[in-house]
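> Can you keep this structure in mind? I'll have questions shortly.
The values are calculated or read from the model by the stated rules, or taken from the named source; none is laboratory data. Source: prediction; values computed, not measured. Cβ placement follows ideal geometry from the backbone for every residue including glycine, while neighbour counts extend to all protein chains displayed. The area values use the complete protein model at the heavy-atom level, side chains included, leaving out ligands, DNA and RNA. Shrake-Rupley method; radii C 1.70, N 1.55, O 1.52, S 1.80 Å.
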Amino acid sequence: MTQVLLPGATLGVLGSGQLGRMFAIAARRLGYRVHVLSPDDDTPTGQVADLEVKADYLDLDRVAEFARSVSVVTFEFENVPAETTSICERFAPVRPAGSVLFTSQNRRREKTYLREAGLPVTPFASVESVEQLTAALKELGTPAVLKTADWGYDGKGQTVIRSVDDASAAWQQLGVPHAILEAFIDFDSELSVVAARGMNGDFVSYGPIGNTHSNHILDISVCPARVPASVAQKAIEIARAVLERLDVIGVLCVEFFLTRDGRLLINETAPRPHNSGHLTIDAHTSCQFEQQVRAICGLPLGSSEQRSPSAMANLLGDHWEAARANAGNVPGTEPNWPALLAQPNVKLHLYGKREARLGRKMGHLTALAHSVDEAERIARAARTAMASH
Ligand code: AMP
């Protein structure tokens, strides 16, 4: 029988960003202790954890020591090396398993696995040379998107190719040995389903959530997404199949393109809570982070019932920049927090990052309202108010 980890146990998290921070907050609320390991200190997760270990992911002695100090290991950073999770698995269960992380941290492995499982993915081809790229461009057509197989997120390591003649330049520019070429999807919208699966196979899901990106980075999420019930149901069915196939214990997000002719194609999966699921903290009975805690501890999952339509707006370093510009570029100007917080039904989440760089996720806000349209309007207004001076 699997051992249930009760409140009071120590949970280990690899990676120390905002996802780990919100996981740690949920874990501590439930009475768990949290240890975090990453190569940095004074991190968003470390600031709220019981213990912050600063060590390289490949410092396997330190990683082993870390794993010995906890009852279960999870991760919040998708690019944790496989060696790291393997060492952890010798001393504590890793949930979701390191094999799940291994599959989804490489676009080629992930897409191949999903396609072989009969799940709908964006048409793609593996590419390892300019000759293969040229052949793939002829097969998939242009425009197409060339992506690095490893270490890709938020549009990093990808480039749109508009003509077969640009193959050579695009391959040089990407500069990696393994890539995939994807058909460019002229999508109607982007959706995600965040879902959790417990140790006994229980399944709960949120969404679908409707996502809008800006410069390849998530900008706004709304829940429920503005899609027909049949599409919503299909997206949840696909997400369930992904979690079951991969035997996920924990949380996983499936991101979809909804094509103009109503088809759902998986863009990518992430075996952890997801930025689009942050609105579950304020809008749902149990949030995605609480589900991660419950699932990895072998506890029953919580209700994922939505209590209010909601919209989440990401707060990037760019918004700090805008606030500074609106204040006449006075150095050290902070965003106008009182103006943002004056909006009723807006919840502010800041991640404790000291330096606001362009494109850096600094926090998010969630607006609650009687409709998603109204929630989105309030979220956008609150973000504008934050930059006003
Ligand atoms: P990714 O890092 O792969 O999630 O890509 C980030 C964003 O780039 C996606 O959310 C889409 O907005 C856009 N994108 C990525 N791949 C494609 C594609 N094959 N067709 C059209 N847009 C894409």
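> What order do Tyr57, Tyr113 take when sorted by accessible area (1.4 Å probe), most exposed first? Don't jump to the answer; show the numbers that get you there.
Values: Tyr57 25, Tyr113 75 Å².
From most accessible down to least: Tyr113, Tyr57.
> Quick one: if you stick a label point 7 Å off each Cα along the C-beta vector at Arg260 and Val130, how many nm between them?
3.4 nm
> Using protein chains only and a probe of 1.4 angstrom, how many square angstrom of Lys138 are accessible, to the nearest 10?
For Lys138, solvent-accessible area is about 150 Å².
> If the elastic network links every pair of Cα atoms under 10 Å, which of Ala323, Ala179, Ala26 fluctuates the most in the Gaussian network model of the chain?
With Cα springs under 10 Å in the chain, the top fluctuation among Ala323, Ala179, Ala26 is at Ala323.
> With +1 on each Lys and Arg Cβ and -1 on each Asp and Glu Cβ, and nothing else charged, work out how big the dipole of region 159-297 is about its Cα centre, in Debye to the nearest 20.
Charge dipole of region 159-297: 300 debye, to the nearest 20.
> Pull out the extension gain between Leu348 and Arg68, defined as 0.36 nm times the separation in residues minus the alpha carbon to alpha carbon distance; nm, one decimal.
Details: separation 280, 0.36 × 280 = 100.80 nm, distance 3.58 nm.
Net length gain for the segment: 97.2 nm.
> Please list Ile296, Ile25 in order of solvent-accessible area, largest first, computed with a 1.4 Å probe with all protein chains present. Don't skip to the answer; put the middle values down first.
Working: Ile296 0, Ile25 85 Å².
Putting Ile296, Ile25 in descending order of accessible area: Ile25, Ile296.
> Which residue fluctuates the most in the chain, going by a Gaussian network model with Cα springs under 10 Å, if the choices are Val73, Val13, Val127?
In this elastic network of the chain, the residue with the biggest mean-square fluctuation among Val73, Val13, Val127 is Val127.
> Still on this model: Solvent-accessible area per residue for region 10-94 at a 1.4 Å probe radius, Å²? Walk me through the numbers on the way to the answer.
Working: 3280 Å² over 85 residues.
I get 39 Å² per residue for region 10-94.
> Can you give the extra length, in nm with one decimal, that the chain gains between Gln233 and Val164 once fully stretched, where that is 0.36 nm per residue apart less the Cα-Cα distance?
Numbers: separation 69, 0.36 × 69 = 24.84 nm, distance 3.82 nm.
Length gained between Gln233 and Val164: 21.0 nm.
> Picking from Val222, Val121, Val248, which is most flexible by a Gaussian network model of the chain using Cα springs under 10 Å?
Val121
> Something else about it: Below 10 angstrom from the Cβ of Leu146, what's the summed charge of the other residues (Lys, Arg +1; Asp, Glu -1)?
Details: positive: Lys147; negative: Asp166, Glu182.
Result for the neighbourhood of Leu146: -1.
> Among rounded, prolate and oblate, which fits the chain when a ≥ b ≥ c are the square roots of the eigenvalues of its C-alpha gyration tensor, a/c under 1.5 means rounded, and a/b larger than b/c means prolate? List each step's numbers first, then the result.
On the way: a/c = 1.32, a/b = 1.07, b/c = 1.23.
Cα axes put the chain in the rounded bin.
> Continuing with the same structure: Which value, in debye to the nearest 20, gives the size of the charge dipole of region 269-389 about its Cα centre, when Lys and Arg are +1 and Asp and Glu are -1 at the Cβ?
Values: 13 positive and 10 negative charges, 66 e Å.
Using only the charged Cβ atoms, the result is roughly 320 debye.
> May I ask you to derive the FRET efficiency for Glu89 and Leu30 from their Cβ-Cβ distance with R0 = 22 Å, giving the value to the nearest 0.05? Intermediate values should be presented prior to the final figure.
Numbers: r = 24 Å, r/R0 = 1.10.
Calculated transfer efficiency: 0.35.
> Oh, and also: Between region 217-273 and region 97-122, what is the separation of their alpha carbon centroids in Å?
14 Å
> According to a simple spin-label model (label point 7 Å from Cα along Cα-to-Cβ), what is the distance in nm between Gln172 and Asp373?
Between Asp373 and Gln172, the simple spin-label model gives 5.1 nm.
> Can you put Glu190, Glu321 in order of accessible area, largest first, using a 1.4 Å probe?
Values: Glu190 25, Glu321 75 Å².
The ordering from most to least exposed comes out as Glu321, Glu190.
> Find how many whole Å separate the alpha carbon centroid of region 42-76 from the alpha carbon centroid of region 285-323.
22 Å
> Work out, step by step, the length gained on full extension between Phe187 and Ala381: first 0.36 nm times the residue separation, then minus their alpha carbon distance; give nm to one decimal.
Numbers: separation 194, 0.36 × 194 = 69.84 nm, distance 2.67 nm.
Extra length from Phe187 to Ala381 when fully extended: 67.2 nm.
> Efficiency by 1/(1 + (r/R0)^6): what FRET value for Asn79 and His389, r their Cβ-Cβ distance, R0 = 35 Å, to the nearest 0.05? Show your work: numbers first, answer last.
Details: r = 38 Å, r/R0 = 1.07.
Result of the calculation: an efficiency of 0.40.
> Rounded to a whole number, what % of the accessible area of the chain do carbon and sulfur atoms account for, probe 1.4 Å? Let's see the in-between values first.
Working: 8000 of 16330 Å².
Taking all protein chains in place, the chain shows 49 percent carbon and sulfur surface.
> In whole Hz and in residue order, list the ³J(HN,Hα) couplings for region 281-287 that follow from phi through the Karplus curve 6.51 cos²θ - 1.76 cosθ + 1.60, θ = phi - 60°; x for Gly and Pro.
Karplus-based 3J(HN,Hα) across region 281-287 equals 4, 9, 10, 10, 4, 10, 8 Hz.
> Applying 1/(1 + (r/R0)^6) with R0 = 41 Å to the Cβ-Cβ distance of Asp247 and Asn329, what FRET efficiency is obtained, to the nearest 0.05?
Working: r = 53 Å, r/R0 = 1.29.
Given R0 = 41 Å and the Cβ-Cβ separation, E is 0.20.
> Now a separate question. Helix-only mean residue ellipticity at 222 nm, the chain, DSSP H runs n ≥ 4 weighted -39,500 (n - 2.57), per residue, nearest 500. What is it? Please report the intermediate quantities before stating the final value.
Numbers: 13 runs with 127 residues, N = 389.
So the helix-based figure for the chain works out to -9500 deg cm²/dmol.
> Heads up, I need the accessible area for Arg383: 1.4 angstrom probe, whole protein in place, Å², nearest 10.
Approximately 30 Å² for this residue.
> If you don't mind, another one. With every protein chain left in place, what is the accessible area of His216 in Å² (1.4 Å probe, nearest 10)?
Using a 1.4 Å probe on the heavy atoms, I get roughly 100 Å².
> Please list 3J(HN,Hα) in residue order for region 81-98, calculated via the Karplus relation 6.51 cos²θ - 1.76 cosθ + 1.60 where θ = phi - 60°; whole Hz, with x for glycine and proline.
Going residue by residue, I get x, 4, 4, 5, 5, 5, 4, 4, 4, 6, 10, 7, x, 10, 9, x, 4, x Hz, with x marking Gly and Pro.
> In nm, to one decimal, how far is the Asp150 label point from the Asp61 one, both placed 7 Å along Cα→Cβ?
Computed distance between label sites Asp150 and Asp61 equals 2.5 nm.
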